[in-house]
Amino acid sequence: MTTSSSFTSFLKSKWRSSPKDGKQLRQINSVIDVERDWVRHSALKLALEGDFKAPIDQLLKSGGSEVLDIGCGAGFWTTDMATKYPISHFTGIDIEKNIFPTGNVSRNVVFQRVDLLELPLPYENDTFDFIFIRCMADVVPDEDWDAVLKELVRIMKKGAYIECLETYPALVDAGPAMTTIMQHYIYFTVANAPDQDSMTASIQNPLPNRMAAISQLMGMQIKHIHTPVGRYGGAVGSLLLEHWDRIIETNRQKWVQSKLISEKQLAAAIKDLHEEVDTHQTYMSWYSVVAQKKGYKGPLIQIEDFDSLMNIDG
C-alpha cells in the first residue's frame, strides 16, 4: 500500500524532514517514520473513538488547562487536540525537533526539543493538568522508567491526570509470514539492543505495574483495546496493515544487510502476510492506563455543556 499523493503533499507543506546531510537513507526513513506515525495515529483515533480515555473532556473544553504530550513526534495527536480544544494549551516534546510541524500550527500549541532522560525536566512543579504518553515503552530504557514517572508526577498539578497508551509486543493470531517479520523486528529492537536484559525487563514490568507503585497516584484504571491488522478489520485494520508495511520498509535494509532475510524472501513474506492476516484475523492488543495525582482538596468543579442544554430546551 502507498500513501496518496495528496497526503505526501500535506506532509511536505506541514512537516520538516531531516536536514540534508548526505545520508539519503536517513532522510527516507524520516519521511517513512512520519507517515507511519500518521497511519498509527489515525488507526488509534478510530479504535479509541477519540484521542484519549482520561475523564478530562469537559475540563479541556472549559479552557485554561495545560497539556503535555510526551514523545510527540510529528505532533499529530498534539495538533488534533489543540484544534478540538482551542482555549486550552498544549505542549509537545520530543528529542527529534526536525519533524515538528512548521506550518498552520494553532496558537495554543508549542513544540519543544526536550530529552525525556535529561532530568529534571524544564518545568515547574504543578504545571500540567494532563500528561499523555503513547508508544514510548520501547524507547525509554527500563532502568529509567521509575525516575521518569516520578518526574512526570512532580510536574503534574494536584488532581491532574496521566495517561499511557502502549501496545503489547506480539501480534495475536499471526500467520507464519507475519511471525517471521515480528521475529526480525524484535531481534533489532530487543535482542540486538545494547542492554538486552533491560529491554526484556521492560516487557515483563509494564507501565501499569510501575504507576501502581507510585503513592502520589490514585484511581488507576486500565482499558484493553484489540485492533485488527488487515483489510478484514475495515478502516482500522487497513491502516494498521499499512503501519506494518512501513515498519518493514524502515527496517528493510538492515535486515537484508545482516543476512537475516534476503530481498526475495522479504518480498515473498510481505505478499504472504497481506493475505494471511485476513485468513488468520490477526490483531494487536493495546492498553490504556489512566491515573490521577492525589492532593486536590478544592471544590468539585461542575461544568455544564451549554450546547447540550440549548438542544434540550429547543
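The values are calculated or read from the model by the stated rules, or taken from the named source; none is laboratory data. Only a predicted model underlies this, so the values are computations on that prediction, with no experimental measurement involved. Here Cβ is always computed from backbone atoms with ideal geometry, including for glycine, and neighbour counts include all displayed protein chains. Heavy atoms of the whole protein, side chains included, go into the accessibility calculation; ligands, DNA and RNA do not. Shrake-Rupley method; radii C 1.70, N 1.55, O 1.52, S 1.80 Å.
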Subject >> ASP57 paired with GLU96, simple spin-label distance in nm, labels 7 Å along Cα-to-beta-carbon >> reply: 3.3
**OP:** For segment 89-153 and segment 255-287, compute the distance between their C-alpha centroids and round to whole Å.
**Re:** 33
Original post:
Listed here are the pairs LYS61/LYS158; LYS97/LYS294; LYS45/LYS254; LYS97/LYS150; LYS53/LYS157; which of them are more than 23 Å apart at the Cα?
Top reply: LYS97/LYS294; LYS45/LYS254; LYS97/LYS150
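Full extension from MET218 to GLN253: what is 0.36 nm times the residue separation minus their Cα-Cα distance, to one decimal in nm?
The span from MET218 to GLN253 would gain 8.1 nm if fully extended.
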Original post:
Given Cα pairs under 8 Å that are at least 6 residues apart, what percent is the relative contact order of segment 218-288?
Top reply: 53
Original post:
For LEU46 and ALA147, FRET efficiency with R0 = 30 Å and r from the beta-carbon atoms, rounded to 0.05?
Top reply: 0.30
Original post:
Measuring from label point to label point, each 7 Å out along Cα→Cβ, what is the LYS271 to SER285 span in nm?
Top reply: 3.3
Original post:
How many nm is it between the label spots at VAL172 and ALA235, if each spot is 7 Å from the Cα in line with the beta carbon?
Top reply: 2.3
**OP:** Work out how far the C-alpha atoms of segment 43-184 reach from end to end along every principal axis, then list the three figures in whole Å, largest first.
**Re:** 51, 33, 31
Original post:
Running Debye on segment 48-95 with equal point scatterers at the Cα sites and no solvent, what base-10 log of I(q)/I(0) appears at q = 0.15, 0.25, 0.33 Å⁻¹?
Top reply: -0.36, -0.97, -1.34
**OP:** Please find the FRET efficiency linking LYS158 to ASN104, where r is the Cβ-Cβ separation and R0 is fixed at 41 Å, and quote it to the nearest 0.05.
**Re:** 0.70
**OP:** Considering only protein heavy atoms, with the full assembly of protein chains and a 1.4 angstrom probe, order HIS224, HIS280, HIS41 by accessible area, largest first.
**Re:** HIS224, HIS280, HIS41
